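All of the numbers you see were taken from the coordinates with simple rules; none came from a lab. What you are looking at is a predicted structure, and each value in this text was computed from that prediction instead of being measured. Virtual Cβ from ideal backbone geometry, glycine too; neighbours counted across all protein chains shown.
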Amino acid sequence: GIGKDQLTANAIAIAKGWGVRVGLEDNLWWDAAKTRKADNLSLLRRIHSLMEIHDRPLMTSSTMGKLGFYNAQHIPAGI
């Protein structure tokens, strides 16, 4: 994962209109100083806040799936 640079990388990506990846698999800590452990919900809420600040729409899981991004456990038959 990208660790302590996750927030910076996500903020830049959101500002540029790119996609982001967020979750504990990329960062176990909420902050770069490692004073607070992260959880997926708080990481997602932070990303949603950044998206609101930059007036960026949230892409639904259905839209992500139509673009070819699937969770390995939920790959539709025939793909």
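Miscellaneous remarks
- Complete set of residues in segment 32-47 that are over 15 Å from THR8 (Cα atoms), in contact (Cβ under 8 Å) with a residue 12 or more places away in the chain and among the hydrophobic types (A, V, I, L, M, F, W, C): ALA38
- Contacts under 9 angstrom Cβ, first residue in segment 9-31 being loosely packed, with under 12 Cβ neighbours inside 10 Å, partner assigned to a loop (DSSP other than H, G, I, E, B) and among the basic types (Lys, Arg), 6 or more apart: GLY17/ARG56
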